[in-house]
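> Below: one structure in structure tokens.
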Amino acid sequence: MTKFLYSILLSAVCIMPAMADDSGLGIEIGATKKINTNLSADVEGEFRTQDGLSNVERWSAGASLGYKFTKWLKADAGYSFIARRYPDKTTSKNWQQHYWSPRHRGFVSLTATWKLPAHLDLSLRERFQYTYETEQTVVRYKLSSGKRNDKVKGGDSESMLRSRLQLKWSRKRSPWAPYVSAEMHNDVDGMAIDQMRYIAGVDYKLTKQNIFGLSYRYKSKNNDDEDKGHLVSLSYKFKF
């Protein structure tokens with residue numbers, strides 16, 4: 001166990017110096033409990049940095065339930081609380097103080113998985129998510145006079161359809177499970193493609209209860225939820 005943890009930490013340390021302004025590091029911790037043959041419950045938390053390690057981008061916490069209809073079809077539903085941090089910002093007219101933006105997100109999804117030769121699993125997940133950003137007052141000052149010029153931000157909602165195609169290698173006797181995926185985000189208003197996400201990673205099952213992971217993600221576009229660019233994530237999940 002110690003050697004594996006050292007290898008994960010060493011990989012992250014080697015990657016971090018090369019991270020540019022559009023890169024960040026993510027830490028994910030989760031737990032899952034199998035309630036019965038078909039029903040399971042999950043809780044998870046995540047912390048992300050931005051611009052290498054210089055800024056905190058966001059943190060989140062959530063819970064979900066999953067129900068397996070058959071060996072190849074599963075449904076999920078859950079809720080997440082997300083806190084997005086915006087750093088200090090200077091425009092041509094104002095200086096804006098950094099602030100946290102709270103969001104509430106609910107989702108439902110359906111995942112179909114097909115077994116392929118060579119221990120490969122191909123899955124398609126369709127997820128609908130609704131996000132509400134709460135209204136708040138952002139502190140600003142006019143550069144010309146120094147007078148306070150606050151701005152009200154938030155009170156917005158967004159509905160998104162996320163379509164993810166994933167290919168994963170999984171063998172019973174092997175603790176390693178590498179995977180690649182591509183995910184398309186569609187804005188429900190007009191069904192326009194909002195962004196693309198590409199992920200490559202590997203999970204390592206140390207024991208039946210302890211699973212570690214390392215992944216790389218590229219996001220193609222900025223939005224209110226998070227910035228575009230590269231994200232390296234370390235994860236740990238405990239199974240009851």
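> Considering lysine pairs in the stretch 93-155 that are 8 or more places apart or on different chains, how many have Cα atoms under 23 Å apart?
Numbers: Lys93/Lys142; Lys93/Lys147; Lys93/Lys151; Lys93/Lys153; Lys142/Lys151; Lys142/Lys153.
Pairs that pass both the separation and distance tests number 6.
> If Lys and Arg each add +1 and Asp and Glu each add -1, what is the summed charge of the other residues whose beta carbon sits under 15 Å from the beta carbon of Arg85? It would help to have the intermediate numbers written out before the result.
Details: positive: Arg48, Arg58, Arg84, Lys89, Arg103, Lys153; negative: Glu46, Asp51, Glu57, Asp88, Glu133, Asp224, Asp225, Glu226, Asp227.
Result for the local shell: -3.
> How big is the charge dipole of the chain about its Cα centre, in debye rounded to the nearest 20, if each Lys and Arg gets +1 on its Cβ and each Asp and Glu gets -1 on its Cβ? Can you show the working numbers first?
Numbers: 38 positive and 26 negative charges, 170 e Å.
So the magnitude is around 820 debye.
> Using Cα pairs closer than 8 Å and at least 6 residues apart in sequence, work out the relative contact order for the stretch 139-236, in percent.
Normalised by residue count, the contact order of the stretch 139-236 is 17 percent.
> Report the calculated FRET efficiency for Tyr67 and Asp22 (r = Cβ-Cβ distance, R0 = 30 Å), to the nearest 0.05.
In this case the efficiency is close to 0.20.
> Over the stretch 48-122, one equal point on each Cα, no solvent: what is log10 I(q)/I(0) by the Debye formula at q = 0.11, 0.20 Å⁻¹?
-0.54, -0.91
> Report ³J(HN,Hα) in whole Hz for each residue of the stretch 222-232, in order, from the Karplus equation J = 6.51 cos²θ - 1.76 cosθ + 1.60 where θ = phi - 60°; Gly and Pro get x.
After applying 6.51 cos²θ - 1.76 cosθ + 1.60, I find 6, 8, 5, 6, 6, 7, 6, x, 10, 9, 9 Hz.
> Mind listing the long-range amide H neighbours of Asp194? Cut-off is under 5 Å, sequence gap 5 or more, other chains count too, H placed in the peptide plane at 1.01 Å from N.
His185, Asn186, Asp187
> Additional query: Please arrange Val138, Val152 by how many other C-beta atoms lie within 10 Å of their C-beta, fewest to most. Don't skip to the answer; put the middle values down first.
Working: Val138 18, Val152 9.
Ascending number of Cβ neighbours within 10 Å: Val152, Val138.
> Still on this structure, please answer the following. Assuming 0.36 nm per residue, please report the length gained on full extension of the stretch Asn94 to Asp156 beyond their Cα-Cα distance. Don't skip to the end; give the middle numbers.
Details: separation 62, 0.36 × 62 = 22.32 nm, distance 2.28 nm.
Full extension of this stretch gives 20.0 nm more.
> Just name one of Ser233, Met196, Gly154: the one whose Cα is farthest towards the positive end of the charge dipole of the chain (beta-carbon charges, Lys/Arg +1, Asp/Glu -1).
Ser233
> OK, next. With each run of n ≥ 4 DSSP H residues scored as -39500 (n - 2.57), what mean residue ellipticity at 222 nm is computed for the chain after dividing by its residue count and rounding to the nearest 500 deg cm²/dmol?
Dividing the helical sum by the residues of the chain leaves -2000 deg cm²/dmol.
> Let me ask you something else. What list of whole percents do you get for P(r) of the chain, with Cα-Cα distances grouped in 10 Å bins up to the one holding the largest distance?
7, 25, 36, 21, 8, 3, 1
> Something else about it: Run the numbers on the chain and let me know its relative contact order in percent, using alpha-carbon pairs under 8 Å that are six or more apart.
Value for the chain: 15 percent.
> What is the extension gain from Val202 to Glu135, computed as 0.36 nm multiplied by their sequence separation minus the C-alpha to C-alpha distance, in nm to one decimal?
Difference between extended and current length: 20.3 nm.
> Which residue, chosen from Ile35, Met184, Gln97, occupies the Cα position most advanced towards the positive end of the dipole of the chain, where the dipole is computed from +1 (Lys, Arg) and -1 (Asp, Glu) charges on Cβ about the Cα centre?
Ile35
> Between the alpha-carbon centers of the stretch 89-120 and the stretch 124-199, tell me the distance in whole angstrom.
Distance between centres, Cα-based: 3 Å.
> Under 24 Å between alpha carbons, and skipping anything fewer than 8 positions from Lys219 in its own chain: which lysines qualify?
Partners found: Lys89, Lys168, Lys228, Lys237.
> Each residue of the stretch 134-144 in turn: what ³J(HN,Hα) in whole Hz from Karplus with 6.51, -1.76, 1.60 and θ = phi - 60°, glycine and Pro shown as x?
6, 6, 7, 9, 9, 6, 9, 10, 6, 5, 6
> Now, a different point. Of Ile193, Ile82, Ile211, which is the most mobile in a GNM of the chain whose springs link Cα atoms less than 10 angstrom apart?
Ile193
All of the numbers you see were taken from the coordinates with simple rules; none came from a lab. Just so it is clear, the model here is predicted, and its values are computed rather than measured. Here the Cβ is made from the backbone with ideal geometry for all residues, glycine too, and neighbour counts use every protein chain on show.
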